[in-house]
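Before any comments, here is the structure.
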Amino acid sequence: MPRMSTPPNLPSLQALIDDLAEQGWSQQPAFLPQSLTAELAQECRSRAAAGELAPAAIGRAAGQAIVEGIRGDRILWIEGGQSAACEQFLEAMEALRQALNRQLFLGLEELECHFAFYAPGAYYLRHFDRFRDDDLRTITVVFYLNPDWLPEQGG
C-alpha cells in the first residue's frame with residue numbers, strides 16, 4: 001500500500017482549521033481517504049476479535065481505574081510499526097498537528113492515538129478530554145470508522 005506523502009485532503013484540512021478558529025470545533029465527513037478509513041476499521045475489528053484491545057480506564061497513575069458505569073469501551077494505542085494503515089493514519093495526524101501549529105500557533109508537541117471499540121450497549125459518559133491538573137490535551141480528534149454511523153447514534 002502506498003504511504004500518504006501529502007497532508008489529508010487540503011480543502012478539508014483548511015476547513016477544519018477555519019472552523020476551530022471561528023467556533024472551536026469542526027466536523028469533516030471525509031477527512032481521511034475512504035480506503036484508509038475502511039482499512040483502519042478492519043484493523044480495529046481484527047484486533048478486537050483477537051483480544052488485543054484492553055478495557056479502557058479513567059484517570060491516570062495511581063488513580064487509574066476501570067469503571068464500566070462511566071466508560072465501557074476497549075482500546076488499543078496506535079503506534080508506529082503496527083500496520084501500514086496505522087502508519088498512514090499517524091502520518092495524517094502528524095500533518096494535522098503541524099498544520100494546527102502553523103496556522104493557529106498552538107504549540108502542540110505530541111499526539112496520542114488509539115482505537116476505541118464500543119460493543120453494542122457500551123458507552124462513555126460525557127466528559128472533558130483532559131485531566132484537571134494537566135492542560136496538555138488541547139485538541140481532540142474523533143474518527144468514526146463504522147461506515148454507516150449517523151449523528152443521532154451519538155458520540
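Quick look at the values:
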| read-out | value |
| --- | --- |
| Top-ranked residue of the range 6-20 - restricted to ones that are under 17 Å from the mean Cα position of the chain (by Cα) and either at pLDDT 90 or above or hydroxyl-bearing (S, T, Y) (or both), ranked as farthest from E94 (Cα to Cα) | L20 |
| Residue in the range 115-123 that is under 27 Å from A15 (Cβ atoms) and either at pLDDT 95 or above or aromatic (F, W, Y) (or both) present | yes |
| So D73, is it under 25 Å from H127 (Cβ atoms), acidic (D, E) and surrounded by fewer than 17 Cβ atoms within 10 Å (Cβ to Cβ) | no |
| A62 vs. criteria free of Cβ contacts under 8 Å to residues at least 12 places away in the same chain and over 30 Å from D18 (Cα atoms) | yes |
| Whichever residue in the range 9-55 is of a type in the set (S, T, Y) and under 14 Å from L145 (Cβ atoms) and, among such residues, is surrounded by the most Cβ atoms within 10 Å (Cβ to Cβ) | T37 |
| Positions within the range 84-94 being crowded, with 17+ Cβ neighbours inside 10 Å and in contact (Cβ under 8 Å) with a residue 40 or more places away in the chain, in sequence order | A85, C86, E87, Q88, F89, E91, A92, M93 |
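The values are calculated or read from the model by the stated rules, or taken from the named source; none is laboratory data. The shown structure was predicted, so the numbers you read here are calculated from the model rather than taken from an experiment. In this analysis, Cβ positions are derived from the backbone assuming ideal geometry, glycine residues included, and neighbour counts consider all displayed protein chains.
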